[in-house]
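Student: Submitted below is the structure of interest, expressed as structure tokens.
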Amino acid sequence: MAGKEKSLMDNVRKYSPNQAAEVKESEAETRKHGDEAIKDFKEKKYGSAAINAVKGLGSAADTLLVKAPKAAMYAGMNRLRDGEKKDEGMKKGGKVSSASSRADGIAQRGKTRGKMC
């Protein structure tokens with residue numbers, strides 16, 4: 001196995017962050033309606049629970065059928081237009097080519113050769 005396969009949303013976050021935020025917001029709205037439906041059901045407010053459940057289903061359908069595909073389309077267009085983005089590697093400090101090129105002096109080559117404890 002060469003590595004972890006990227007999901008569709010990984011590519012959307014990478015190539016179209018604005019669209020990813022819209023999908024995330026829509027997911028939060030779906031979750032909110034679901035939580036409200038559960039709360040209403042536990043309080044025996046069945047009519048309100050049904051309304052919130054339907055709102056949650058509508059929001060989920062909107063996310064899955066409209067917003068996520070639109071976000072994927074924009075991400076694909078951005079990738080074609082701008083080219084593939086490289087992963088940034090390390091979050092802080094970056095990658096170094098060798099131990100001797102580190103600026104902080106850690107792990108310098110040749111300093112421990114032949115020493116006995």
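The values are calculated or read from the model by the stated rules, or taken from the named source; none is laboratory data. Because the structure is predicted, anything quoted here is derived from the model rather than measured. In this analysis, Cβ positions are derived from the backbone assuming ideal geometry, glycine residues included, and neighbour counts consider all displayed protein chains.
Student: Which of the residues belonging to segment 3-33 are of a type in the set (A, V, I, L, M, F, W, C) and under 13 Å from the mean Cα position of the chain (by Cα)?
Tutor: Listed by number, the residues that qualify are LEU8, MET9, VAL12, ALA20, ALA21, VAL23.
Student: Same structure, new question: What number goes with the only condition from (1) touching a helix residue (DSSP H, G or I) at 6+ places or on another chain (Cβ under 7 Å); (2) at pLDDT 90 or above; (3) among the hydroxyl-bearing types (Ser, Thr, Tyr) that TYR74 does not pass?
Tutor: (2) is the only condition that TYR74 fails.
Student: Which residue pairs have Cβ atoms closer than 6 Å, lie 6 or more positions apart in sequence or on different chains, and pair a first residue in segment 16-40 that is closer than 10 Å to ALA53 by Cα with a second residue that is among the charged types (D, E, K, R)?
Tutor: The qualifying pairs are HIS33/LYS55.
Student: Continuing with this model, one more query. Go through the residues of segment 88-111 one by one and say whether even a single one is closer than 23 Å to GLU5 by Cβ, of a type in the set (Gly, Ala, Ser) and modelled with pLDDT under 90.
Tutor: Yes, because at least one residue in segment 88-111 is closer than 23 Å to GLU5 by Cβ, of a type in the set (Gly, Ala, Ser) and modelled with pLDDT under 90.
Student: Read through the list (1) farther than 15 Å from ALA68 by Cβ; (2) surrounded by fewer than 14 Cβ atoms within 10 Å (Cβ to Cβ), then give the number of the only condition that ILE51 fails.
Tutor: (2)
Student: Could we say that LYS67 is in contact with an Asp or Glu (Cβ under 7 Å, 6 or more places away or on another chain) and either within 20 Å of MET9 (Cβ to Cβ) or at pLDDT below 55 (or both) here?
Tutor: For LYS67, the condition - in contact with an Asp or Glu (Cβ under 7 Å, 6 or more places away or on another chain) and either within 20 Å of MET9 (Cβ to Cβ) or at pLDDT below 55 (or both) - is met.
Student: Let me ask something else. I'd like the full set of residues that are part of a helix (DSSP H, G or I) and at pLDDT 85 or above, limited to segment 11-21.
Tutor: Selection gives VAL12, ARG13, LYS14, TYR15, PRO17, ASN18, GLN19, ALA20, ALA21.
Student: Right, something else. Go over the candidates LYS55, LYS24 one by one and state the one that is of a type in the set (D, E, K, R), within 26 Å of SER7 (Cα to Cα) and assigned to a helix (DSSP H, G or I).
Tutor: Only one candidate passes the filter, namely LYS24.
Student: Sticking with this one: Of the residues that make up segment 17-24, is at least one acidic (Asp, Glu) and exposed (fewer than 15 other Cβ atoms within 10 Å of the Cβ)?
Tutor: So far as segment 17-24 goes, no, none of its residues is acidic (Asp, Glu) and exposed (fewer than 15 other Cβ atoms within 10 Å of the Cβ).
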